[in-house]
Amino acid sequence: MQKIVHLKSKNHSMIIKVDRVPEILHWGAKIAQIDPDLMLSTERPISQARLDVDVPLSLCPELGSGHFNAPGIEGHRNGEDWAPVFTTTSIEHDDNSATFTLQDDIAGLELLIELQLDFNSDVVQKRITVKNTTAGEYCLGKLSSTLPLPNHANELMTFHGRWCHEFQTQRLSFEHGGFMQENRRGRTSHENFPGLFAGTNGFSEQLGQVWGFHLGWSGNHQLRADVRSDGRRFVQAGELLLSGEKRLQSGETYQSPWLYATYSNSGLNGISERFHEFVRANIIQFPNNKPRPVHLNTWEGIYFDHKPEYIMQMATEAAEMGVERFIIDDGWFIGRDGERAALGDWYLDETKYPNGLEPVIEHVNNNGMEFGLWVEPEMVSQDSNLYRQHPDWVLGLQGYHQPSGRWQYVLDLQNQDCFNYLFERLNDLLTRYNIGYLKWDMNRELVQPGHQGKPAVHGQTKALYRLLDELQAAHPAVEIESCSSGGGRIDFEILKRTQRFWASDCNDALERQAIQRGMSYFFPPEVMGAHIGPAECHSTNRRHAINMRGVTALSGHMGVELDPVKESAEEKQAFAHYIQLHKQYRDLLHSGRTFRIDPADQNQNIYGVENGQEMLITVCQLAMPNHALPSPLRVSCADENARYEVKIVEMPKTSFQLMKQRPQWLDKTMTLSGDNLKEIGVTLPILDPESALIVHLKKM
Ligand code: DGJ
């Protein structure tokens, strides 16, 4: 069989040559038509002193055919069938998608490789299903999706992080060797976000060719980018299976998670634009089409100190500030007076709430706000009634001591009794109370993820998806936030069943600038929970003026995380101001195209959103300006044929310390043409460190 499959989207082409196995010849800019001589022009030479045949970098590279880097599949059948070599037996395709069936009759394995290129967003999805087609158990070690990169993709941008410091980026040279990330934490994790970029040397926000990748999976994963010694290179991602975790009986299948990827010739902006468009159209499902409500979350305001009258006072003040959804965080259920006890006992603590939760909810609703509640269903505290009754429901390994995390353990969701108990408890809460929103937390890693002695991260992750799916089917109007200690479970697959991420437990606006920037490459602002915290940040003790806190929170899905009762009248007025500003531009922020501008001063973060009619650009001075005078703000995405009304909508209230005379336009509305904005730009004021301004541009 020799065949060419050409998948096309609005701007991209993926050309796949199928010989014995399918191999991508081109993935990037659109090719109008396939040349008759394409096969000839892409034939590779065979080098001296190595294998006598050409080895394709196929859609599932094989050790058994001489691919000496990471194979796409690994496993064995009682010590045999460990180096399968496949032959393509069927191809089904249209202009946007293709499914290849490959078989190895000796090893008794069949692969189904699916590729879908979304026409509008140019995002390609890939997954593989393997079937054990013969007698005897096949122990699958790995099944990953591989996508090739051209040799001029010679730089990588990868992610690292930790709690309160998520979505940090680093650059790596990609000429020899490679990069590998393995996540064994049992959740998407703060440390190993499953995404990376490869691009041409020095690719930036606005410039360069870039290929972006994200694995949609909330459990363990392996993500790697390899350069073969012959210069060919590829990215590979899949679930990381623990030893013996996937044993396929005859006729059984295993399906890999989706790998999402896209290409851009306009730097990282082109990547985020495409991922956002794809996520908006194919991943997020909002139960109704309302604007994303502004939150007040009680956690940092009162922690475990729950007093209904006081909480109602907080709600009154929240409503006065413009808050639209009020969420009671941790501390509302029996025995939960601190972090060491009570997880699993999902019944209202009537000593704290003697009149029930209803009066509080009614009060919240009467103040025009929706009510939300915090839960952490996957967990159990040793000091809880649930643990005392069902110690065997813990995910673990008998005979071993398992370290606790935040003094808690993980429940085995594959234990059907445990699953039923959790469904019953959550279903009861959602039925009994008028709850519009659940903040779904998950505060520890899986250390000994054993179900009946067998490794179970895969099963646990699937069971979590099932629990969420069943709850959403029973309560379709309820929205869910994926929290996980803030930032610990952020990926496309969990987003199919949730509506918001708590991006980080860190409300320090300076830290948030980096965290939110990293997250914005993949996720649109409407799912990025961003809250104004108190002046002195609880996780870092750093202090920020309200300008920096307000500006940083208002570009995401905005909220407030403090006790309004204790704040000064001046601060409360300021919260109301930023909430109002957010609402004024919410439609633009939550549906427009996000972009970032390469700053001349590396101590600035410049980002914006536009919808063809208007634009909001934030300039944040992260640290001391690099030079005495700032560079002009050049608006590269301005329409050259249009004129714009340009005005500042937000800047620091206190005096600027580094500037004795400010540009006059700060207090005026200017009219500027698109080419002027693009090429000459707008002079910026000298911003003090850790302060920010927002410019609004409107087409006339
Ligand atoms: C971790 C979350 O990220 C916080 O926002 C808060 O909900 C606490 N857990 C509550 O225990």
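The values are calculated or read from the model by the stated rules, or taken from the named source; none is laboratory data. Source: prediction; values computed, not measured. Quick reminder, even Gly has a Cβ in these numbers, built from the backbone with ideal geometry, and neighbours come from all protein chains shown. Note: accessible area is taken over every heavy atom of the protein model, side chains too, but ligands, DNA and RNA are not part of it. Shrake-Rupley method; radii C 1.70, N 1.55, O 1.52, S 1.80 Å.
At a Förster radius of 51 Å, what calculated FRET efficiency corresponds to the Cβ-Cβ distance of L629 and I31, to the nearest 0.05?
Details: r = 46 Å, r/R0 = 0.90.
Rounded to the nearest 0.05, the efficiency is 0.65.
Using modelled backbone amide H atoms (1.01 Å from N, in-plane), which distant-in-sequence or interchain residues come within less than 5 Å of L149's amide H?
The list, which skips near neighbours in sequence, is R233, F234, V235.
Okay, which of the stretch 639-655 sit inside 15 Å, backbone N to the point 7 Å along the Cα-Cβ direction of K668?
Answer for the stretch 639-655: 645-648.
For the peptides 227-239, 138-150, 573-585, what is the packing order when you average, over each peptide's residues, the other Cβ atoms within 10 Å and list the highest mean first? Intermediate results must be reported in sequence, preceding the final value.
Values: 227-239: 20.8, 138-150: 22.4, 573-585: 18.7.
Most protected by this proxy first, the peptides run 138-150, 227-239, 573-585.
Separation between the H160 and H93 pseudo-spin-labels, each 7 Å from Cα along Cα→Cβ, expressed in nm?
So the two model labels end up 3.9 nm from each other.
Using the Cα centre of the stretch 276-321 as origin and beta-carbon charges of +1 (Lys, Arg) and -1 (Asp, Glu), tell me which of P291, Y310, H276 is placed farthest towards the positive end of the dipole.
Most positive-ward Cα: H276.
Hey, what's the stretch 546-700 come to in accessible area per residue, 1.4 Å probe, Å²?
44
Using the Karplus curve 6.51 cos²θ - 1.76 cosθ + 1.60 with θ = phi - 60°, what ³J(HN,Hα) values do you get for each residue of the stretch 646-654, in whole Hz, with x for Gly and Pro?
10, 8, 7, 10, 7, 8, x, 7, 6
What does the charge dipole of the chain about its Cα centre add up to, to the nearest 20 debye, if the Cβ of each Lys and Arg holds +1 and the Cβ of each Asp and Glu holds -1?
In debye, rounded to 20, the chain gives about 1100.
Of G335, P377, Y387, which is farthest towards the positive pole of the stretch 335-402's charge dipole, taken about the Cα centre with +1 and -1 on the beta-carbons of Lys, Arg and Asp, Glu respectively?
Sorting the options by dipole projection puts first Y387.
Would you check the accessible area of F656, probe 1.4 Å, heavy atoms only, in square angstrom rounded to 10?
Estimated to the nearest 10 Å², F656 gives 20 Å².
Which FRET efficiency, nearest 0.05, do S404 and N289 yield, Cβ-Cβ r, R0 51 Å?
Efficiency at R0 = 51 Å is approximately 0.75.
Spelling out what I want: for every residue of the stretch 146-158, take phi, set θ = phi - 60°, compute 6.51 cos²θ - 1.76 cosθ + 1.60 (Karplus), and round to whole Hz; glycine and proline get x.
10, 10, x, 10, x, 5, 7, 7, 10, 9, 10, 10, 10
With label points built 7 Å along Cα→Cβ from the Cα atoms of T654 and K3, find their separation and express it in nm.
6.8
Please give, to one decimal in nm, the separation of the simple spin-label points placed at A474 and H538, each 7 Å out from Cα toward the Cβ.
3.0
Tell me, what % of the accessible area of the stretch 1-98 is carbon and sulfur with a 1.4 angstrom probe? List each step's numbers first, then the result.
Details: 2640 of 5340 Å².
Carbon-and-sulfur percentage of accessible area, whole number: 49.
What length, rounded to one decimal in nm, is gained on full extension from S636 through to I680, with 0.36 nm per residue of separation minus their alpha-carbon distance?
14.8 nm
Highest mean first, what order results for 115-128, 340-353 on Cβ atoms within 10 Å?
Final packing ranking: 115-128, 340-353.
Per residue, how much accessible area does the stretch 176-279 have with a 1.4 Å probe, in Å²?
Each residue of the stretch 176-279 exposes 28 Å² on average to a 1.4 Å probe.
In whole angstrom, and with the biggest value first, how far do the Cα coordinates of the chain range along each principal axis?
Each principal axis gives a Cα extent; for the chain these are 78, 70, 38 Å.
Pulled fully out, how much extra length does the chain show between E137 and F423, if you take 0.36 nm times their separation in residues and subtract their Cα-Cα distance?
Contour length minus Cα-Cα distance gives 99.6 nm.
Name the residue farthest towards the positive end of the dipole of the stretch 497-641 from the options A503, G533, Y607, assuming +1 on Cβ of Lys and Arg, -1 on Cβ of Asp and Glu, about the Cα centre.
A503
If we restrict to alpha carbons, what Rg and Dmax does the stretch 439-550 come to, in Å?
Spelled out, the Cα radius of gyration and Dmax of the stretch 439-550 are 16.5, 53 Å.
First measure r as the distance between the Cβ atoms of Q580 and E80, then evaluate 1/(1 + (r/R0)^6) with R0 = 51 Å and state the FRET efficiency to the nearest 0.05.
0.15
Amide H to amide H under 5 Å from S691: which residues, 5+ apart in sequence or cross-chain, H placed 1.01 Å off N in plane?
Those lying under 5 Å, H to H, from S691 are Q621.
What's log10 of I(q)/I(0) for the stretch 419-469 at q = 0.26, 0.28 Å⁻¹, Debye sum over Cα points only, no solvent?
Those come out to -1.14, -1.20, one per q.
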